[in-house]
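Right, one structure below, let's go through it.
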Amino acid sequence: MLKVRIVNKSKHEHPSYSTGSSAGMDLRANLDSTVELKPLERMLVPTGLFIELPAGYEAQIRPRSGLAIKKGITVLNTPGTIDADYRGEVGVILINLSDKAVTIEDGERICQMIVSSHETVEWQVSGTLNETERGAGGFGHTGVK
C-alpha cells in the first residue's frame, strides 16, 4: 500500500474509497456556502486538501458518473493531473453541461481521485518507426460497426 502525506484543512473527512474494490477516492467540495453552477458555467471548487505524492506518481481527478448522468456535471480538464511536486490545494474544475442550474453543496462528493505510477520518458531520436498492422490509421478508421 502506498503511503501519501495529506494535510486536510477542510471540514470533511479524508478522501476515501466507497467500496473495497474502488479505484478512485471521492473528494468533497469544501465550501463556505452553497454555490450554483449555471448551464455551461465552470468553477474551480476547493477541497481543502493538500497532498505530497512521491516522485514517479500522479493523482488524476476524474468525474463521478452519478453527477454526470443525473445532473450533467463533469470535470472540465478530465483527467486533471496533480504532479508529485505540487503542494497547493487540490482544486476541481467543474462544468455544468446540463440546461438547468445545479447547486453544489459543502461536503458534496464532486469527483474521484486516482493515484497511479507513471514513467518518465527519454526520447530516442529515430528516422523511422517500426511498422504495425494499424499503421497511421486513427480517428475512426475501423468504422462504427
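Going residue by residue through region 21-31, is there one that turns out to be touching a residue at least 60 places away in the same chain (Cβ under 8 Å), among the aliphatic types (A, V, I, L, M) and over 21 Å from Val115 (Cβ atoms)? Yes - at least one qualifying residue is present in region 21-31. The residue that is surrounded by the most Cβ atoms within 10 Å (Cβ to Cβ), among those in region 2-52 that are farther than 27 Å from Asp85 by Cβ and of a type in the set (Asp, Glu), is Glu41. Within region 57-109, the set of residues being farther than 23 Å from Ser18 by Cβ and small (Gly, Ala, Ser) comprises Ala84, Gly88, Ser98, Ala101.
In the set (1) touching a strand residue (DSSP E or B) at 6+ places or on another chain (Cβ under 6 Å); (2) more than 19 Å from Asn8 (Cβ to Cβ); (3) among the aromatic types (Phe, Trp, Tyr), Phe139 fails one condition alone, (1).
Remark: pairs (first residue in region 57-81, surrounded by fewer than 14 Cβ atoms within 10 Å (Cβ to Cβ); second residue polar (S, T, N, Q); Cβ separation under 7 Å; 6+ apart in sequence or on different chains) = Thr81/Gln60. Quick check, is Thr128 more than 20 Å from the chain's Cα centre (by Cα), part of a loop (DSSP other than H, G, I, E, B), free of Cβ contacts under 8 Å to residues at least 24 places away in the same chain and more than 16 Å from Val4 (Cα to Cα)? Here the answer is yes, as Thr128 does meet what is asked. Every condition in (1) of a type outside the set (Phe, Trp, Tyr); (2) at positive phi; (3) in contact with a Pro (Cβ under 7 Å, 6 or more places away or on another chain) holds for Gly48 except the one numbered (3).
When Asp99 is evaluated against the numbered criteria (1) within 28 Å of Lys11 (Cα to Cα); (2) modelled with pLDDT of 95 or more, which criterion, by number, is the only one it fails? Evaluating Asp99 over (1) within 28 Å of Lys11 (Cα to Cα); (2) modelled with pLDDT of 95 or more leaves (1) as the failure. Going by the structure shown, is Ile69 over 15 Å from Asp26 (Cβ atoms), assigned to a strand (DSSP E or B) and of a type in the set (A, V, I, L, M)? The answer is no for Ile69. Evaluate the following for Lys100: is it exposed (fewer than 14 other Cβ atoms within 10 Å of the Cβ), among the charged types (D, E, K, R) and more than 17 Å from Met43 (Cα to Cα)? So Lys100 does not fit the description; no. Please work out which residue is nearest to the chain's Cα centre (by Cα), limiting yourself to region 82-92 and to residues that are free of Cβ contacts under 8 Å to residues at least 40 places away in the same chain and in a loop (DSSP other than H, G, I, E, B). That would be Asp83.
In region 5-18, the residues that are more than 17 Å from Val115 (Cβ to Cβ) form Cβ pairs under 6 Å with partners that are basic (Lys, Arg) and surrounded by 12 or more Cβ atoms within 10 Å (Cβ to Cβ), at six or more places apart or across chains, as follows: His12/Arg28.
The values are calculated or read from the model by the stated rules, or taken from the named source; none is laboratory data. Keep in mind that this is a model prediction, so the values were computed, not measured. Positions of Cβ are backbone-derived with ideal geometry, glycine not excepted, and every protein chain shown enters the neighbour counts.
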